[in-house]
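The values are calculated or read from the model by the stated rules, or taken from the named source; none is laboratory data. Just so it is clear, the structure is predicted and the values come from calculations on it, not from any experiment. Ideal geometry is used to build each Cβ from the backbone, glycine not excepted, and the neighbour counts take in all protein chains shown. Heads up: the accessible areas ignore ligands, DNA and RNA and are worked out on the full protein's heavy atoms, side chains in. Shrake-Rupley method; radii C 1.70, N 1.55, O 1.52, S 1.80 Å.
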Amino acid sequence: MNDATLIRKNLFRKRLRAILLMVSILIAFLIFGVLGALQNAFTMGSGTAAQERLVTVNRINFTVALPYAYWGRIEQVEGVRNAAPASWFGGYYQEPQNFVQSFAVDPATYLEAYPTEIVLPPEERAAFLEGRTCALVGRALANQYDWSTGDRIPLNSNIWQNTDGSQTWELDICGVFDDTEGTYPTNYLMLHYEYFNESLAFGRDSFHWITINTEDPALNDQVSGEIDALFANSSAETSTTTEAAFNEAFMEQFGNIGLILTWVIGAAFATILMIVGTTMVMAVNERTREIAVLKTLGFTAPRIFRMVLWESLLLSFLGGLIGLGLATLAATAASSALAGFLPSFGLSLTNIVTALALMAALGLVTGILPAYNAMQVRISEALGKI
Amino acid sequence: MTDASGLYELKNLSKRYTRGKETVAIFDGLDMTISQGDFIAIMGPSGSGKTTLLNLLGGIDRPSSGEVLFEGQRIDNLGQGKLAKWRAKNAGFIFQFYNLMPTLSAAQNVELPLLLTNLSGKARKDRVKTALDIVGMVDRAGHRPAQLSGGQQQRVAIARAIVADPKVLLADEPTGDLDRTTADEILQTLQLLNKELGKTIIMVTHDPAAASYAARELHLNKGRFEEKGKA
Ligand SMILES: Nc1ncnc2c1ncn2[C@@H]1O[C@H](COP(=O)(O)OP(=O)(O)O)[C@@H](O)[C@H]1O
Ligand SMILES: [Mg+2]
């Protein structure tokens, strides 16, 4: 037996109470983990590279198209090294619920824009650049529909109409791309802008955004200012931001996930803080007499303080770690269920470190008052009252 | 050590409590010597200060003035931390209501004071077994307090009080909650600890029959002792 035995026995002396407290902590960390993982999916591809790329969209809204001619004019702006136009395709496969994230891109400039993010064998790269009806498919998407290089697939659009009256484009899968280290989504496909544009029944010669690489990130502010100035007072004004800012704005159409996250987690933690805090105070008050006996035997006040603090830390870490474990399982399940919409996601190291810090904080905050009370117990008074 | 036989010396001891504007003196200028190996019964009416005196002797409470010397060293002016260490080393406590930890087994309860020593796990186990053996509770080592009778709980509590081998045992109404037969068994055990192991015992009781087990009876009344001679 040692102090740890006493701490454990004290925590579980009322088993149901300990379990209920643990479950409430577990739920808070489950929410924390799942929402954190979800936020990772939403902020994927916002790394430093995305901070250095620029994106030009219509000033009204990124769903409103820009004229084709803007591409050429943007390429002429000083400091622009590469400009890659792209359009939403709004694809689905066979059934409308089989959503496929898909863009019509200019292949050469698009691959140039993402030199390290999009990884594929040289022969597939060459094939994609060559073939008009080629599609380049991300690994996650290919896995989802069991597609592989050489397959011919019909891709439907819920935005566009083909000149033949259908909404279907036949695509040849000429390559499957990976990402470098799981930091860039692979749940989408690209098709040739030319092939797409030629066969459009309406809305030809326009695109939705242009991804820009500058000669030097230091030029970014200047370049984006110049581009937006170029089209100021025209019928289609532009807004140029970093790709990271653009991604964030794009994701915000699903709601401000960061803010929701903060509120939900904040509310969950405020609640358990109160529940666990008051319960711990009560639990230790019930033991006043036992604490007085320990003191009589010669346990010092600091030692008793530490024992109570460890008890609440143990509670917090038990509940928190189980919650975080369940969150990992839930995130994995949710990630495969949402594979069509979101890049694969899970808990990041930052999530885990933050969760551990929260567990420690929760344990300390809920433990400090009962620990202080326990330390202050006066033997003669506590043993006097039966 | 000034005197080999003088374990405790109380010098001009006073203890006062203030209640509102009133100051109540429990003792006022109490002097007393307790020798090594004594078995003293302290008697007196309720509220006469028996528990207060025991707390002063046990380093739980501090006097308002005067000195408490233990083996010639003052303990009345020690800080809380030092007092705790002093208690762990020198005093064993026995209470009226046993005060065992309900979540721990008898053996674990007895082991508690040993957590404050640096004995090895093995040495602690041996000590616990010996202490339980002395009080005749080895066969109940694994029982929780709730599974034991009052008398058995008090035996475990006595084992806990002696396990760290303190010089003095302080018992506050140790048989106050027990029937006559069980009380006699407990008192015989205390007597044995005094006679065979040489433990100094100071026992508070209001029961004359219990007091008769002691070698010396002191009557506390209005802050003064009246000694009753014994054969
Ligand atoms: N913390 C305290 N504050 C005020 N009065 C106290 C306190 N502790 C004890 N007393 C008073 O001191 C007197 C002696 O108490 P106590 O030593 O418990 O008596 P006994 O054990 O002989 O019954 C009582 O009148 C009690 O009310
Ligand atoms: Mg009393």
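Tabulated data for the structure shown
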quantity	calculated
Residues of region B:154-183 that turn out to be open to solvent by less than 40 Å² (accessible area, probe 1.4 Å), away from ligand 1 (no atom under 16 Å from the Cβ) and more than 15 Å from B:Val128 (Cα to Cα), as a count	6
Long-range neighbours under 7 Å by Cβ, at least six apart or interchain, first residue away from ligand 1 (no atom under 11 Å from the Cβ) within region B:49-62, second small (Gly, Ala, Ser)	B:Gly58/B:Ala91; B:Gly59/B:Ala91; B:Ile60/A:Ser380
Within region B:194-209, considering residues that are among the aliphatic types (A, V, I, L, M) and modelled with pLDDT of 95 or more, the one nearest to ligand 1 (Cβ to nearest atom)	B:Val204
Out of B:Gly59, B:Gly20, B:Gly6, sole residue that is open to solvent by less than 40 Å² (accessible area, probe 1.4 Å) and at positive phi	B:Gly59
Check on B:Asp28, open to solvent by 10 Å² or more (accessible area, probe 1.4 Å), of a type outside the set (Val, Ile, Thr) and either within 30 Å of B:Ala159 (Cβ to Cβ) or at pLDDT 95 or above (or both)	no
Filter pass, B:Glu67 being on the phi < 0 side of the Ramachandran plot, more than 16 Å from ligand 1 (Cβ to nearest atom) and acidic (Asp, Glu)	yes
Output for region B:177-221, where each listed residue is within 16 Å of ligand 2 (Cβ to nearest atom) and over 16 Å from B:Gln152 (Cβ atoms)	B:Ile202, B:Met203, B:Val204, B:Thr205, B:His206, B:Asp207, B:Ala210, B:Ala211, B:Leu218, B:His219, B:Leu220, B:Asn221
Which listed residue is open to solvent by 50 Å² or more (accessible area, probe 1.4 Å), touching a residue at least 60 places away in the same chain (Cβ under 8 Å) and assigned to a helix (DSSP H, G or I), from A:Ile291, A:Ile260, A:Ile272, A:Ile265	A:Ile260
Those residues of region B:59-71 which are within 14 Å of chain A (Cβ to nearest Cβ) and closer than 23 Å to B:Pro113 by Cα, in sequence order	B:Gly59, B:Ile60, B:Asp61, B:Arg62
Test set (1) at pLDDT below 95; (2) away from ligand 2 (no atom under 16 Å from the Cβ) - B:Arg155 fails condition number	(1)
Region B:38-48, residues that are within 14 Å of ligand 2 (Cβ to nearest atom), assigned to a loop (DSSP other than H, G, I, E, B) and either within 13 Å of B:Met203 (Cα to Cα) or open to solvent by 20 Å² or more (accessible area, probe 1.4 Å) (or both)	B:Gly44, B:Pro45, B:Ser46, B:Gly47
One residue from B:Thr23, B:Thr51, B:Thr18 being within 16 Å of ligand 2 (Cβ to nearest atom) and polar (S, T, N, Q)	B:Thr51
Hits in region A:316-373 - residues which are more than 23 Å from A:Thr186 (Cβ to Cβ) and among the aromatic types (Phe, Trp, Tyr)	A:Phe317, A:Tyr372
Of the criteria (1) modelled with pLDDT of 95 or more; (2) aliphatic (A, V, I, L, M); (3) within 30 Å of A:Asn98 (Cα to Cα), which one A:Ala334 fails	(1)
Any hit, region A:76-93, residues being at pLDDT 90 or above and over 28 Å from A:Tyr184 (Cβ atoms)	yes
Tally, over region A:94-129, of residues that are over 24 Å from the mean Cα position of the chain (by Cα) and not in a helix (DSSP H, G or I)	8
For B:Arg74: the one exception among (1) away from chain A (no Cβ under 12 Å); (2) open to solvent by 10 Å² or more (accessible area, probe 1.4 Å); (3) touching a helix residue (DSSP H, G or I) at 6+ places or on another chain (Cβ under 9 Å)	(3)
Wholly within region A:1-64, helices (runs of 4 or more DSSP H) carrying at least 1 residues that are within 22 Å of B:Pro102 (Cα to Cα) and either more than 14 Å from chain B (Cβ to nearest Cβ) or in contact with a strand residue (DSSP E or B) (Cβ under 8 Å, 6 or more places away or on another chain) (or both)	A:15-42
Qualifying positions in region B:126-144 - open to solvent by 10 Å² or more (accessible area, probe 1.4 Å), more than 18 Å from B:Ala88 (Cα to Cα) and assigned to a helix (DSSP H, G or I)	B:Asp126, B:Lys129, B:Thr130, B:Asp133, B:Ile134, B:Val138, B:Asp139, B:Arg140
Residue check, B:Leu104 part of a helix (DSSP H, G or I) and open to solvent by less than 10 Å² (accessible area, probe 1.4 Å)	no
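Table: residues versus (1) among the hydrophobic types (A, V, I, L, M, F, W, C); (2) in contact with a helix residue (DSSP H, G or I) (Cβ under 8 Å, 6 or more places away or on another chain).
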residue: A:Met251; (1), (2): yes, yes
residue: A:Val264; (1), (2): yes, yes
residue: A:Val276; (1), (2): yes, yes
residue: A:Met282; (1), (2): yes, no
residue: A:Glu290; (1), (2): no, no
residue: A:Lys295; (1), (2): no, yes
residue: A:Ile304; (1), (2): yes, yes
